[in-house]
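A.B. asks: Pasting a structure below so you can have a look.
The values are calculated or read from the model by the stated rules, or taken from the named source; none is laboratory data. Because the structure is a prediction, the values reported are computed rather than measured. Please note: Cβ atoms are built from the backbone with ideal geometry, for glycine as well, and neighbour counts cover all protein chains shown.
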Amino acid sequence: MNLWLVLAINSVTLGGLLFLLSAGFSLIFGLMRIPNLTHGSFFMLGAYFAVSLMRWGVDFWTAAIVSGLGVAAFGGLVERLILRRLPGAELAQVLVTLGLSFMVADVCLMVWTGDPVQVDTPRALRGSTSVLGLAFPTYRLFISLIAVVFAALLWALLERTRLGAMIRAGVDDPSMARVAGIRVSRLFTIVFGLGAWLAGFAGVIGGPILSVYPGLDQEMLPLALVVVILGGSGSLLGSLVGSFIVGFLYNFGQALFPEIAYVVLFLPMLIVLVLRPQGLFGRQTA
Amino acid sequence: MRRLGLAAAFVVLAAVPFFVSSTYYVNVASQILLYAIFALGVNVLVGYAGLVTLGHAGLFGIAAYTAARMLNDGHGHLSVVTGAVTLTLVAAVVFAVLALRGTGLGFVMITVALGQIVWGVAYRWLSITNGDNGITIKGRPSPFGLSLASPAAFYWATLVVFAAALVTMAVFVASPFGASLRGTRDQPRRMNALGYHVWMIRFLAILFSAFWSGVAGILYLYYNQFVSPHAVALTASAEALLMVISGGTGTLLGPVVGAALVVIVKNVASAYIERWNFVLGAIFVAIVVCMPEGLVPGTVRLTRWVAASLRPRPAARVVSPGEEGGR
């Protein structure tokens, strides 16, 4: 298969993973104004949980969902026990989430050692599928499909359900939403848990492609940051578009300019910042 | 009185190599001073400008890498230091122009991203930075014919630079510029209405902060005679921030105390446990949750609180003499 096509497929796959990761980050940032620097840790933690579960003989998809729940529980605890006490204190939130991410990274190093762990691709999705006479790796196609399905589900959740309406109200004006009888603090926990679940789940399904190793968190977090800055915080469409832009930049940058791949990755973010500081799909309100 | 105290403190600091026999402790003292310079630089932004930065290790690292490259290309120490500081300031201009597009959280996130770019370059651009293996330099400089090769000599040189940094900080804080910077931290809109150019004040503050970060970066290179991507990682920026916050932001001596604390804990902790990062993270969380105002003011508050709760309160409870004797 030709190089460009391989790169394009890899880009779409990474974009899908990044969407799952950054949608949660963006929601948390948009709703709660919390810059959750533990988000990369959620991703890594999810992957490691699944590694352990699969060693005990749990199958891949159950492991993915259960690990996501584990991460969501952890995220909920962090939100309830620590972040809840620091409303509006942005500096404190940055520090706490950063401190937690260091702690999680070290605990992971202790429990799962420093060796990279390769996660097996689920058996049904091994091999390749031919589309239009070209062979595509089935699993990568499947990840892209999952991302699209989740994008649709999240969109429906936000735009078509009562919970989504409450979340949107909370994003727009938390104090007004509270006056209208919405329990914003409970929404915070729900959104934080949902974001953590998405990140953990993304970590598991990304396992067969990226494998799991120490430092994965610090590698994914800047990517999520770039996606959110590019797309605009709190915007689902922004996360989706931003993820695919970053996915393409990352893979093509690595292949074409391996030495300055990072610069290539961050350059569009800088351009967006200069021309449109609120992000491509962000709203003007600050 | 205050000046006398500072002069006395300086004399005591200068005498450290005489009453500390082991070179290990002299080296730890040098590390404390060089990180204190870095923390002072970061404090200009975090404390006085109210702009939280998590990308300062990038500037620190740019200075260290530039100096290392220039030294290995055979330049003299004077031109190396000038070149490194100049390039750091140029990088700071880019940092400032981009990061000042956002305020508050936006600023933090942009500095994280910029810091990660520098890290990515240091780690990946092998032909310039030698990647993960880092760059080794040969020897420390000998300003005015005095060799800095011995730990004590390097300590004194660092102390001189540290004193210069502290004095410029004191002058800066007391100056009208310092006052206007604090104004932009507390009331940016009012400052704007009063005719101050808020953006320009912040911009200059970033340059000032970058200057001392760069100086610290050069000292770091001379101290270790080696620089690798670890010096520019997010962890390094976080450590610098921890120094500032733990000591107390927006105070002159807070960052110095914080730097001493972090360097000592790091050295002690790494002697007993491998998990420095865990300790660092735990300190972060503990400080934020228990002493949000910083260690120095926080300890003062806690001791007062403890003292107040230990003091006997006569009206609190009436104790009959018999009961008292029964215990």
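A.B. asks: Facing chain B (nearest Cβ under 10 Å), surrounded by fewer than 18 Cβ atoms within 10 Å (Cβ to Cβ) and out of contact with any Ser or Thr (no Cβ under 9 Å at 6 or more places or on another chain): which single residue out of A:275, A:270, A:256 fits that description?
C.D. replies: Working: A:270 fails: surrounded by fewer than 18 Cβ atoms within 10 Å (Cβ to Cβ); A:256 fails: facing chain B (nearest Cβ under 10 Å).
One residue alone meets the criteria, A:275.
A.B. asks: Here's something else I'd like to know. What is the number of the single condition among (1) touching a Gly at 6+ places or on another chain (Cβ under 8 Å); (2) free of Cβ contacts under 8 Å to residues at least 24 places away in the same chain; (3) away from every other protein chain (no Cβ under 14 Å) that residue A:66 does not meet?
C.D. replies: (1)
A.B. asks: Same structure again: Would it be correct to say that residue B:101 is in contact with an Asp or Glu (Cβ under 9 Å, 6 or more places away or on another chain) and either over 24 Å from residue A:274 (Cβ atoms) or without any contact (Cβ under 8 Å) to a residue 24 or more places away in the chain (or both)?
C.D. replies: Here the answer is no, as residue B:101 does not meet what is asked.
Residue-by-condition table, conditions (1) without any contact (Cβ under 8 Å) to a residue 40 or more places away in the chain; (2) of a type in the set (Ser, Thr, Tyr):
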position	(1), (2)
A:224	no, no
A:229	no, no
A:232	no, no
A:236	no, no
A:239	no, yes
A:246	no, no
A:252	no, no
A:258	yes, no
A:262	yes, yes
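A.B. asks: Can you find a residue in the range B:211-224 that is assigned to a loop (DSSP other than H, G, I, E, B) and either at pLDDT 90 or above or of a type outside the set (Lys, Arg) (or both)? Explain how you work it out, then say what you get.
C.D. replies: To start, the set of residues in the range B:211-224 that are assigned to a loop (DSSP other than H, G, I, E, B) comprises none.
No: the range B:211-224 contains no residue that is assigned to a loop (DSSP other than H, G, I, E, B) and either at pLDDT 90 or above or of a type outside the set (Lys, Arg) (or both).
A.B. asks: Check B:172, B:208, B:162 and return the single one that is in contact with a Ser or Thr (Cβ under 9 Å, 6 or more places away or on another chain) and in contact (Cβ under 8 Å) with a residue 60 or more places away in the chain.
C.D. replies: B:208
A.B. asks: Right, another one. Quick one: in the range A:88-142, of everything that is within 14 Å of chain B (Cβ to nearest Cβ) and either among the charged types (D, E, K, R) or not in a helix (DSSP H, G or I) (or both), which residue is surrounded by the fewest Cβ atoms within 10 Å (Cβ to Cβ)?
C.D. replies: A:88
A.B. asks: So which of B:244, B:232 is under 23 Å from residue B:186 (Cβ atoms) and among the β-branched types (Val, Ile, Thr)?
C.D. replies: On the way: B:232 fails: under 23 Å from residue B:186 (Cβ atoms).
That would be B:244, the only listed residue that is under 23 Å from residue B:186 (Cβ atoms) and among the β-branched types (Val, Ile, Thr).
A.B. asks: Could you list, in sequence order, all residues of the range B:57-98 that are closer than 17 Å to residue B:126 by Cα, among the small types (Gly, Ala, Ser) and away from chain A (no Cβ under 14 Å)?
C.D. replies: Residues satisfying the conditions are B:64, B:67, B:68.
A.B. asks: Then there's this: Go through (1) modelled with pLDDT under 85; (2) within 18 Å of the chain's Cα centre (by Cα); (3) of a type in the set (Val, Ile, Thr) one by one and return the number of the condition residue A:6 breaks.
C.D. replies: With (1) modelled with pLDDT under 85; (2) within 18 Å of the chain's Cα centre (by Cα); (3) of a type in the set (Val, Ile, Thr) applied to residue A:6, the lone miss is (2).
A.B. asks: State whether one or more residues within the range A:205-228 are in contact with a helix residue (DSSP H, G or I) (Cβ under 9 Å, 6 or more places away or on another chain), on the phi < 0 side of the Ramachandran plot, surrounded by fewer than 18 Cβ atoms within 10 Å (Cβ to Cβ) and within 11 Å of chain B (Cβ to nearest Cβ).
C.D. replies: yes
A.B. asks: Kindly indicate whether any position in the range A:205-217 is within 21 Å of residue A:43 (Cα to Cα), of a type in the set (Phe, Trp, Tyr) and modelled with pLDDT of 85 or more.
C.D. replies: yes
A.B. asks: Name the single residue that is surrounded by the fewest Cβ atoms within 10 Å (Cβ to Cβ) among those in the range B:115-129 being under 22 Å from the mean Cα position of the chain (by Cα) and within 7 Å of chain A (Cβ to nearest Cβ).
C.D. replies: Keep residues of the range B:115-129 that are under 22 Å from the mean Cα position of the chain (by Cα), which gives B:115-119, B:122.
Imposing the further condition that a residue be within 7 Å of chain A (Cβ to nearest Cβ) reduces the set to B:116-117.
Numbers: B:116: 28, B:117: 21.
Checking each candidate, the answer is B:117.
A.B. asks: Scan the range A:204-253 for residues that are assigned to a loop (DSSP other than H, G, I, E, B) and either touching a His at 6+ places or on another chain (Cβ under 9 Å) or more than 30 Å from residue A:55 (Cβ to Cβ) (or both) and report the count.
C.D. replies: The number of residues fulfilling the criteria is 4.
A.B. asks: When the residues of the range B:262-290 are narrowed to those that are among the polar types (S, T, N, Q) and free of Cβ contacts under 8 Å to residues at least 60 places away in the same chain, which ends up farthest from the other protein chains (Cβ to nearest Cβ)? First the steps, then the outcome.
C.D. replies: Within the range B:262-290, the subset among the polar types (S, T, N, Q) is B:267, B:270, B:277.
Retained after the next criterion (residues that are free of Cβ contacts under 8 Å to residues at least 60 places away in the same chain): B:270, B:277.
Working: B:270: 13, B:277: 5 Å.
That would be B:270.
A.B. asks: I'd like the residue in the range B:243-257 that is within 13 Å of chain A (Cβ to nearest Cβ), touching a helix residue (DSSP H, G or I) at 6+ places or on another chain (Cβ under 6 Å) and in a helix (DSSP H, G or I) and, out of all such residues, is farthest from residue B:58 (Cα to Cα).
C.D. replies: Out of the qualifying residues, it is B:246.
A.B. asks: Sticking with this structure for a sec: Do we find a residue being out of contact with any His (no Cβ under 8 Å at 6 or more places or on another chain), touching a residue at least 24 places away in the same chain (Cβ under 8 Å) and among the small types (Gly, Ala, Ser) anywhere in the range B:15-23?
C.D. replies: no
A.B. asks: Tell me which of these residue B:215 doesn't satisfy, since it passes every other one: (1) of a type in the set (Val, Ile, Thr); (2) more than 14 Å from every other protein chain (Cβ to nearest Cβ); (3) over 24 Å from residue B:87 (Cβ atoms).
C.D. replies: (3)
A.B. asks: Condition first: closer than 30 Å to residue A:268 by Cβ and among the small types (Gly, Ala, Ser). Can you find one or more residues in the range A:179-195 that meet it?
C.D. replies: Taking the range A:179-195 and keeping what is closer than 30 Å to residue A:268 by Cβ, we get A:191-192, A:194-195.
Then drop every residue that is not among the small types (Gly, Ala, Ser), which leaves A:195.
Checking the range A:179-195: at least one residue is closer than 30 Å to residue A:268 by Cβ and among the small types (Gly, Ala, Ser).
A.B. asks: Within the range B:187-203, how many residues turn out to be surrounded by fewer than 16 Cβ atoms within 10 Å (Cβ to Cβ), of a type in the set (A, V, I, L, M, F, W, C) and without any contact (Cβ under 8 Å) to a residue 40 or more places away in the chain?
C.D. replies: 3
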